[in-house]
């Protein structure tokens, strides 16, 4: 299998959690190729932020979208060619701030794409401002007196919106994350993976996550249990919180009629009059 | 003296089925070989208020409706009061017996009969169809068949109610001075502008349409959604305009012909992604149907305030295409042309139109034979580079997941400035190279567009009048009564300078639906014309022929 790393110089900070995500994604793709999936049928979209640089480093096709809009773009790709597996990378500011509507609607529709949320708890690329997932009291350039908004809980938010696959990983547990990503991409329906990602420059959470993460023993049997575990105040549980099968959007909404070529279209319009 | 043009106006509250009744009347006129033009004047509400629909019919081609109706059918007091004064000399005004205000109206027991014929509710607006059929001597059986076909709910009640109104009207033996029916065959199908835009784009390969409802563009979404299985097209109602256009660019990336549509407000939201289409070089068709602004403005009326907005859509520098259909046939062909031109140049294109064309209807023969075949060449390069530098500025295309890629193909579309590979860059020389490449497409687009009809000229009178979009329709109807030369740039960007060279520096009258003479300013900039007079209308209404003739005469004599 060819290398999945492009020639582009990597400019993530030394120790950035994005490296772990990048490794896990490559492991996931490698496994998919070994299972017989063609690389040319896997595409990505990304938003704007530190996470988005993965677009330049990961040597597969895709669209480096607008800030907040990559999940919408991913959905357009899926609707245009359902054969493609579409992986969208988003930051916490990107997918839960600027583009929250698209994230929630992708889940609501059960659109068959994957959203990998690089949750570093701040806006890294614009020098560490508070994000929708920053904790109360977080001090950044835009909140020097401390963040006064409570953060979203990404896992419970997406469960509520209707995502049929919801999971959480940690960028420093690469094999576990790769396994979750693989399940997510292979899931039929909307899959969401929150990745806890330390930001060495503005919010170094390695110690916190190394001490306070634990693997879910199994996928919780019901939403109530899942929600409780996802909100646990002491422990960041890692693993799959929900995995369900529901009807997927493109199979419901797309026309099943065969697409007509130019001369068929002309003939149709002539007959139609 | 018999009339050449006959106009029917149906007025009443929203929710009473007025527009549908007018459509059926238009359809009846068409099958009796009359040309028709229908306009709907309605408010942004679902029940109550005052709505009216107008259908003009004639044995000649019509480009607009007339404002002095020969037949008014009023379903409430407000309609009686409002439209009595507009009635043409010798015209007839029917209303419910309870709403009649003077001897000028012909009272019918409409409400009473509705109660008699329907156990509950009832479809009052059918009375207008029955009155029309009776006056036009359309056989009763034909009316019954039409009503049975068009109004399937409460079928028996509908027919018995309509028959009673029909007989009451017939027994009055009224003379109209107008006859339907003529030997010549005329184009036999009624289309709105939006339907023609949708079909035109589809003829050029439209696969998916993404939109958030906004009047007056919504009916494109409705029409394509309804035709999903017949046309094998996808119409997706997204969570917002932002979602619509970002999805549409994604669909282009995957190799599908996609379009979005909205009005000014929706396009304001789509600006950033329109700019993205310029940057990633997505061949995106955008349909911008204008209404009076700013902001929410006047939702259900017509305007041309968005000319410069369309020309400058999206931030940053990149080639744009903007063109505006001057008639219904052009709505069809232009939508098709623009989608092809967008693909040939990998640039976003805007079809700029107005409520007056989008939502009015007329009988049209689809100019199917004028369509070109569409085709998208796919690169077979083994060392594919999405943004390969070329002389034309247009880079070869390749799409993932279409079976013509290999494992090593990497197709990267990028909203950041990029290298030929599609990978992001901020290197000075690379920025210049890529900007120059995109800018070269401007010339390419201009050359490619020359095969299309970029300027239309109607009439050959002394005065030169410039207009664009559906204002040209209003002027063509006025031309039947006053001679002038109407010059219509269909393409606004690229501007058809060569075709318009003869008008450079000329003194002209400019007609537009805006309070500021934007189109005149645009023409001054492009052609250094001298504006003899600006004829501006900005009350949301379209002009009638006589209003325009008066305004033009005044301008000529000034």
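Just a few scattered comments:
- Filtered residues of the range B:243-263 (kept if more than 9 Å from every other protein chain (Cβ to nearest Cβ) and either surrounded by fewer than 24 Cβ atoms within 10 Å (Cβ to Cβ) or within 22 Å of residue B:424 (Cα to Cα) (or both)): none
- The criterion of at least 3 residues that are more than 14 Å from chain B (Cβ to nearest Cβ) is met, among helices (runs of 4 or more DSSP H) falling completely within the range A:169-273, by A:174-186, A:206-212, A:223-230.
- Check on residue B:326, in the same structural domain as residue B:203 (by TED's automatic domain parsing), part of a loop (DSSP other than H, G, I, E, B) and either buried (at least 24 other Cβ atoms within 10 Å of the Cβ) or over 26 Å from the mean Cα position of the chain (by Cα) (or both): yes
- Qualifying positions in the range A:237-246 - out of contact with any helix residue (DSSP H, G or I) (no Cβ under 6 Å at 6 or more places or on another chain) and either loosely packed, with under 11 Cβ neighbours inside 10 Å or closer than 18 Å to residue A:174 by Cα (or both): A:238, A:239, A:240
- Residues of the range A:58-102 that are closer than 24 Å to residue A:128 by Cβ and at the interface with another protein chain (Cβ under 7 Å from one of its Cβ atoms): A:64, A:65, A:66, A:69.
- Scanning the range A:6-41 for residues that are in contact with a helix residue (DSSP H, G or I) (Cβ under 8 Å, 6 or more places away or on another chain), within 14 Å of chain B (Cβ to nearest Cβ) and assigned to a helix (DSSP H, G or I) yields A:29, A:32, A:33, A:39.
- Put simply, of A:196, A:208, A:203, A:269 the only residue that is farther than 24 Å from residue A:91 by Cβ and either surrounded by 12 or more Cβ atoms within 10 Å (Cβ to Cβ) or modelled with pLDDT of 95 or more (or both) is A:269.
- Flag if residue B:231 is modelled with pLDDT of 95 or more, crowded, with 23+ Cβ neighbours inside 10 Å, within 24 Å of residue B:30 (Cα to Cα) and within 9 Å of chain A (Cβ to nearest Cβ): no
- Residue A:84 more than 19 Å from residue B:243 (Cβ to Cβ) and in contact (Cβ under 8 Å) with a residue 24 or more places away in the chain: no
- Those helices (runs of 4 or more DSSP H) of the range B:417-534 in which at least 2 residues are closer than 30 Å to residue A:53 by Cα and out of contact with any strand residue (DSSP E or B) (no Cβ under 9 Å at 6 or more places or on another chain), considering only elements entirely within it, cover B:428-449.
- Residue check for residue A:54: more than 10 Å from chain B (Cβ to nearest Cβ), buried (at least 20 other Cβ atoms within 10 Å of the Cβ) and within 29 Å of residue B:242 (Cβ to Cβ): yes
- For the criterion of being more than 14 Å from chain A (Cβ to nearest Cβ) and either closer than 17 Å to residue A:66 by Cα or touching a strand residue (DSSP E or B) at 6+ places or on another chain (Cβ under 8 Å) (or both), residue B:275 fails.
- Considering each residue of the range B:142-152 in turn, at least one proves to be out of contact with any strand residue (DSSP E or B) (no Cβ under 6 Å at 6 or more places or on another chain), outside any helix (DSSP H, G or I), within 30 Å of residue B:237 (Cα to Cα) and not assigned by TED's automatic domain parsing to the domain that holds residue B:325.
- Among all residues of the range B:163-179, there is at least one that is assigned to a helix (DSSP H, G or I), surrounded by 24 or more Cβ atoms within 10 Å (Cβ to Cβ), at pLDDT 95 or above and assigned by TED's automatic domain parsing to the domain that holds residue B:72.
- Scanning the range B:193-219 for residues that are more than 14 Å from chain A (Cβ to nearest Cβ), outside any loop (DSSP other than H, G, I, E, B) and crowded, with 24+ Cβ neighbours inside 10 Å gives B:193, B:194.
- Odd one out for residue B:141 among (1) at pLDDT below 95; (2) surrounded by fewer than 15 Cβ atoms within 10 Å (Cβ to Cβ); (3) within 24 Å of residue B:27 (Cβ to Cβ): (1)
- The number of residues in the range B:398-416 that are more than 7 Å from chain A (Cβ to nearest Cβ) and loosely packed, with under 15 Cβ neighbours inside 10 Å comes to 2.
- Screening the range B:353-383 for residues that are under 30 Å from residue B:437 (Cβ atoms) and facing chain A (nearest Cβ under 10 Å) and picking the one that is surrounded by the most Cβ atoms within 10 Å (Cβ to Cβ) gives B:374.
- Check on residue B:419, farther than 30 Å from residue A:56 by Cα and modelled with pLDDT of 95 or more: no
- Candidate set from the range A:104-132 (those that are without any contact (Cβ under 8 Å) to a residue 60 or more places away in the chain and buried (at least 24 other Cβ atoms within 10 Å of the Cβ)); member that is farthest from the other protein chains (Cβ to nearest Cβ): A:130
The values are calculated or read from the model by the stated rules, or taken from the named source; none is laboratory data. Because the structure is a prediction, the values reported are computed rather than measured. We place every Cβ from the backbone using ideal geometry, glycine too, and count neighbours over all the protein chains shown.
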